[in-house]
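Engineer: Let me begin by handing over the structure; questions about it come next.
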Amino acid sequence: MLCAELEGVCVDFIKYFADADPAVDNMARLGVFLKDFPSGGGYQNIIYYAQDVDYSNWKRFNFGEEDNVKKYGTLEPPLVPIQDLSIPVGLFSGSYDELADPTDVATLAQQLGSNVVYNQQFPLGHLSFGLALDMSWFT
């Protein structure tokens with residue numbers, strides 16, 4: 001996979017963009033975490049996240065105009081109907097998260113309304129939820 005070939009580049013990329021922090025994260029596990037990055041659905045998730053950064057609202061995946069018409073019947077992907085969800089949702093967020101920052105999480109919580117059954121912010125970054133040295137907060 002790409003990160004196996006470009007290990008140093010991937011590590012630097014992840015430290016910068018996913019706010020990995022050696023003070024709280026087990027950086028020795030970062031190589032294992034990135035071993036198959038990007039692969040399968042994970043790659044499409046990254047593309048989707050990058051698309052959402054450009055939108056002021058959450059839209060469905062943008063396949064390009066031609067495929068959007070086939071899939072959605074419109075040139076642009078439609079909005080994700082977050083307000084129509086009717087399932088319980090737990091939100092775990094990090095106060096130092098630069099990818100899913102606290103403002104975005106608050107907006108999402110507001111849109112989900114009473115579906116939010118748990119909403120807790122921890123003093124962690126984005127990757128800390130999978131790489132933290134101390135995972136006792138998760139019990």
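Engineer: Taking amide hydrogens as modeled 1.01 Å from N in the peptide plane, which residues meet the under 5 Å criterion relative to A132, leaving out close sequence neighbours?
Structural biologist: Placed amide hydrogens put N26 under 5 Å from A132.
Engineer: Could you tell me what fraction of 2.2 N^0.38 Å the Cα radius of gyration of segment 91-139 comes to, as a two-decimal ratio?
Structural biologist: 1.16
Engineer: How far, in nm, would the chain grow between E66 and S136 when pulled straight, counting 0.36 nm per residue and subtracting the alpha carbon separation?
Structural biologist: 20.4 nm
Here, each number is a calculation from the coordinates, and none is a lab measurement. All values reported here derive from a predicted model rather than from experimental measurement.
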